[in-house]
Structure formats: structure tokens, C-alpha cells
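Heads up, the thing below is written out as C-alpha cells.
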Amino acid sequence: MDLFKKRSYVIIGFILTVFVVYIARLFYIQVLDTTYRQVADQNVIKKETLYPNRGLIYDRNGKLVVINDAIYEIHVIPRQVKELDTLLFCKLLSIDKTFFVEQLAKATADSRYRPYLFLKHINPQQYATFQEYLYRFPGFFGKIRMVRNYPYRAAAHVVGYISEVSPQQIKKNNYYVQGDYIGTNGLENTYEKVLRGVKGSKLIIVDKFNRELGPFDEGNYDTLAVSGLNLITSLDIELQKYAEDLMQNKKGSVVAIEPSTGEVLVMVSSPTYDPNLLSGRERGMYIKQFQHDTLMTLFNRPIMASQYPPGSTFKPLNAMIGLEEGTLNVNTGYPCSGGYHMGSITVGCHAHPAAGNLTQGIMHSCNAYFCYTFRNIVDQGKFHNMDEALGTWNEYLYSFGLGKKTGIDMPGELPGLVPTPKLYNKVYGKGRWKSSTIISLSIGQGEIGMTPLQLANYMAAIANRGYYYTPHLIKKIEGDTTDLLKPYRVKHVTKVSRHNFDPIVEGLYQTCEQGTGRIARIEGYQVCGKTGTAQNPHGKDHSVFVAFAPKENPKIAIAVFVENSGFGATYAAPIASLVMEKYLNDTIAAPRLPLEKRMLEADLIHPKVIAQKNEEQPGDIH
């Protein structure tokens, strides 16, 4: 019992001690320490968020692609707003009274105590003048923020843009508050956490007129903002701009990859636009305009146009599968009497010399040759049924990164289309389809679709003779200690053996030397390529070309789609070869300048009258 009493005394004593300490502390704060009384007398402590500089974006050669520019904003804390000269306020900021009333109502509805972005993108002169009168507008204060600027006016779909956070984004991530900016598309979105940095804050004593009197407690409670990390992209911005110029007034894509690393050198979606349009005060107007235009300007074709049929550019892959499966060899020849004929099935073909071997089959792009090749793959005796045959064929395609997302560091990528047995069983019924039913797959038509990025990556795998790296747009993140780019250094090996690439490469080389891709030859380099004419049920066929160069130790692999422009050699091949030549030589040889001029001036979008008008008044969309 005595022990229990002793414990009770200890507990009571502890409680009394704590109580005395708290009383003493409150006495000190309220009576002896004048700091808080001074703050109360001076009205308020204002917490100001310090926004970090967003990370810069460079190209592979150290050229600045995205920089920061200062903008000026006016914020308001509704609770602190007193009677003010509304007329003077509106005059200083060039706004009308209706806008003033509406914005203040929105701010009050959001929170009476929290700062609200009242007006953004004020020009420096207006901001300076407004600051002189700020003491007359209690509750309002100015803030300097950074927005993006794009010196090259290029690569809009790649770099993306930033925009003000939505209420939904704020609910999802409490890092953001109303008025903050966030990466909305492209690299700005993918690398948002890296680019945005870390906010800081400082406490400022202000008087009842909202005039700053100095830092609270000598800044001991302030935290510094930490700048975002800089990105070094894999883009060659000069080459990107050149490719965009070649694609001006055309719909389509250009994607170029460095085969040895998977680094994307060029990624063009055309039509494109000046990215600065989505950085200014009228960003919303341009967004709305682009969202409703018939050219689908905001549509990122290289990674989202997943239903492009690859056409004849797909033939080399069927040849490789045939070599690997043993149903084809380099000396195999097939007849072509104007096409492939099997019962009631006919796949037409253009006039060309007989394809007596594999090289000639690729070089002349013979449809019949590859129909026989495909049929012999899926009809070989080792397969018990078409489900098994097509499933095996699919596995080869998957190993080249087809039928799935490549994994590029860009939002919005689509996987492309690789038809499965399940699809054909659903359409035709299980066991009720055969090789002749799906023969169009042999020439890259039918139910198969690839994005331009997938096609370029497929070419990179051939250039490397059997492997590729996941395509990516960031080469380095300055200051990154977590190795975010590690996944892009993993080698992906295809299901085709190394030795079976050699005859394919030779066929692609001969295509550019004496076949359908002769227009793509570059003096001093062995170019390997394949033309394609992708059938389009909605209009004129698409012009397609894939290539890499040089033949040995390749430096660049490329895929070009030009929509509704006919044969592969008409537009896609010349554009691809000019981009490759520019990259390899940094210039275009004199004999090819007329070809360059023709590609630069070709307008496949606008009627002649509109094109002339655009020459007089160049637009921002090209």
C-alpha cells in the first residue's frame, strides 16, 4: 500500500512540474517576450512561397531548348481586402470592373485566408507601376514567377508545356496549390518531379497597409527553394528544326534514333506549332484552337498514330522470320505474275524484274515473294493449328518491340496493333480461318498497325543486327543520384539470330542502290532502306520509308510517314535521306539542293490560294 502511495506522489509531482513549465512559458511569451506583441501590433505575418527555378532543358549538343522567363502576377488574400479605389486598380492593370468583381468572388469562394492568383502574365512596366500604388490596395501583393520560353520554336510535341494545376490535380497531390504550374505534356510531364524542384518559404512582417517591414525573427523560420534539375535530351535540335521544315505543310511523322544507344535524335509530329504559344497569357485560346482544328495539331503522331499500316517496310521482318524458321533461304526465288494468286485470292504487284532470291525480293519489293514467304511460315507442318502458327509469328514481332508500347519516356504512347488468334477466332470463328484469310499481313497490310516510333526502333534493331535499347529522349539528368535512366541501358535481344540479319541488310542496301529506294542514296555512305506505300481506306495512300546509315557501324535509323502522299519514294524517302545526310554531313550536297527545295516547298495540306496567303503572312502552325 505504501508503494502504491509513493507511485501516486511521483505521478502527481510530474504532472505539477509539467503544468508549472507551461505556465512559465506562457508568462514569458505573453509578458516578458515582446516579439509576438510587436507582430500583433504590426497586424500580420505573411507567409510567402518561394518558387524554385524550373530545370532547364538542353539538346545533346548543349544548346538550350527550354529556358525560364520571368512573369509578374498579382495575388490576393480576401480576408485582408479593405475599401479601395477600384477604378484606379483596374486602370493600373488594364482590366474592367466586372473582371475585378468576378475574380475577387472566386478568390473568396476558394478561401478567405489563403492567397489566390488574381491576375497573371502582367507586363513588367504595368507591374512596376502597380507596385508603387500597392499600399493603397490592402490584401493584394505582387509575385514574380517563371514561365517557359522556347528559343528554337521547335520540338513542341516532345518538350510539352506547363499549365496551371487543376482542382483535381491539387486534390490528388497536396504539393500543389491554386496558381501553381505543372508539366502537362511531353517531357515536362514525364520529368515533372525532377524539373519542378522544391518550394521554399519565408515569413514577412507586414503592416496594416500591406507594406513589408522585414523578415520575421530575422528569417530563422525561412526555407530556401531548391532549383529543379536540368535535363540533357538526346535531341539534335538543329536536326529537329530541319526535319520540321521539311515536313512543313504536310501531315505525318519523322523519327530518328541512334541505334547504338536508343537515343531519339529527331521526333517530329506534323503539323506542329510554336511552343511559345502555350506559354503566354493567351495559352487557353490557342489550346482551344488546336483542339478543334481538323489537322489534329496536338495529336502526337510518332507515338499515338498506332493504326498506320507499315506496308512494304514490314516485308524484311517476314523475311527474317522465314530465315529463322527455316522456311526461307537466301537463294529462294518465287514467281510473280502480276501478283500472288491462290484460288479466289489475289494480291496484286507492280511490274518488276523476277525475284530469283531474297535480296531481289526485298530490292524489288515483290508482293508475291512475301505472300509465299508468309504462307510457308504459318503453314509449315510443325504447327498443329493456325492459333499456334500465328502465336509463334506474333512472338517474333513482340521481340522487335511491336504490338506493345516501346516504353519511351513520353506520356500518351499507344502500343500499335498486332493481330492475335483470339481476334481472328472472334471474327471468323475458331478453326475457320487460314493463311489465305490473313495473307495481307505478309505485306504489312490488314489488321497490323505500327507507330512511326516503333518502325524507327525496328530499323534500329536491324541496324544493330538483332538488338535494341528502349527508345528514350533524355540522355542525362544533371544531379540525379537515383539513376532514373537505368532502364534505358538494358539491351533487348530479338528472337532472330545474328547471322539471319546479314542477308536482310544486304537486301536493304541494294534497295537504295538499285531498287525502289534509289532516291535515298547519299554520296559517300552505304544507305540501307525500304520504301512502303501504306494503303489508306479513307483517301490517298501514305508514303512510308525506313532506313539506317551507314551500313556498318550505323549512326542513325529513321522512319518517315507522309500521309496521303502516294508512293514511299515520292516524299518519305527523300525526306528521310535529307535528314540522314544533314546529320551525317551537317550539310546537303549541291546536287541534292533541288531535291531539298522541292521537299521544303511541297504543300500537301493547303489549296494553292491559302498557301500563297501563308507565304505572305507566315503562321505559327507548320
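The values are calculated or read from the model by the stated rules, or taken from the named source; none is laboratory data. It should be emphasised that the depicted structure is a prediction, and the values quoted were computed from it without experimental measurement. In this analysis, Cβ positions are derived from the backbone assuming ideal geometry, glycine residues included, and neighbour counts consider all displayed protein chains. To get the accessible areas, we keep the full protein, side chains included, count just its heavy atoms, and leave off ligands, DNA and RNA. Shrake-Rupley method; radii C 1.70, N 1.55, O 1.52, S 1.80 Å.
Some notes on this structure:
- Part-to-part distance (alpha-carbon centres) for the range 285-309 and the range 157-181, which is given in Å: 22 Å
- Among the trypsin sites (Lys or Arg not before Pro) found in the range 65-111, those both in a DSSP coil and sparsely packed, with 16 or fewer other Cβ atoms within 10 Å of their Cβ, are K82.
- Multiplying the residue separation of L423 and E212 by 0.36 nm and removing their Cα-Cα distance gives an extension gain of 69.0 nm.
- Taking other residues whose beta carbon is less than 13 angstrom from the beta carbon of P421, and scoring Lys, Arg as +1 and Asp, Glu as -1, yields +1.
- Note, ³J(HN,Hα) from phi for the range 348-358, Karplus 6.51, -1.76, 1.60, rounded to Hz, x at Gly and Pro: x, 8, 6, 6, 6, x, 4, 9, x, 7, 5
- Average accessible surface for the range 88-213: 49 Å² per residue, computed with a 1.4 Å probe over protein heavy atoms with every protein chain in place.
- Accessible surface of Y469 - all protein chains present, 1.4 Å probe, nearest 10 Å²: 40 Å²
- Listed residues R148, R518, R54 arranged by accessible area, highest first, probe 1.4 Å: R518, R54, R148
- Helix 367-378 vs. the chain, principal-axis angle (Cα, 0 to 90°, nearest 10): 80 degrees
- Fraction of antiparallel bridges per DSSP, the chain only, in percent to nearest 5: 95 percent
- Of the listed residues M342, M599, the order by accessible area with a 1.4 Å probe, largest first, is M342, M599.
- Amide H contacts of G252 (H built 1.01 Å from N, under 5 Å, at least 5 apart or other chain): S270, E563
- Sorting R301, R112, R60 on solvent-accessible area from highest to lowest, probe radius 1.4 Å, gives R112, R60, R301.
- Bridgeable lysines around K82 (alpha carbons under 24 Å apart, same-chain partners fewer than 8 residues away excluded): K46, K47, K91, K97, K106, K120, K143, K208.
- The I45 and L88 beta-carbon pair, evaluated with R₀ = 30 Å, returns a calculated FRET efficiency of approximately 0.60.
- K199 accessible area, assembled protein chains, probe 1.4 Å, Å²: 50 Å²
- On the range 101-150, 51 percent of the accessible area sits on carbon and sulfur atoms, based on a 1.4 Å probe.
- Prolate/oblate/rounded call for the range 429-558, Cα gyration tensor, a/c under 1.5 rounded: oblate
- When log10 I(q)/I(0) by the Debye sum over Cα atoms at q = 0.07, 0.10 Å⁻¹ is calculated for this entry, the matching label among (1) -0.64, -1.05; (2) -0.58, -0.91; (3) -0.42, -0.91 is (2).
- Angle of helix 386-399 to the longest C-alpha principal axis of the chain, folded into 0 to 90 degrees and rounded to 10: 60°.
- For P452, neighbours were defined as the other residues whose beta-carbon sits under 15 Å from its Cβ, and their charges (Lys and Arg +1, Asp and Glu -1) total +2.
- Förster-model FRET efficiency, 56 Å R0, K171 and A351, C-beta, rounded to 0.05: 0.30
- Here W393 sits with roughly 0 square angstrom of accessible surface, probe radius 1.4 Å.
- Taking only protein heavy atoms and a 1.4 Å probe, the accessible area of the range 219-345 is 52% carbon and sulfur.
- Given their separation in residues at 0.36 nm each and the Cα-Cα distance between them, R598 and E282 gain 110.2 nm when the chain is fully extended.
- Förster radius 30 Å - calculated FRET efficiency between S436 and N331 (Cβ-Cβ, nearest 0.05): 0.70
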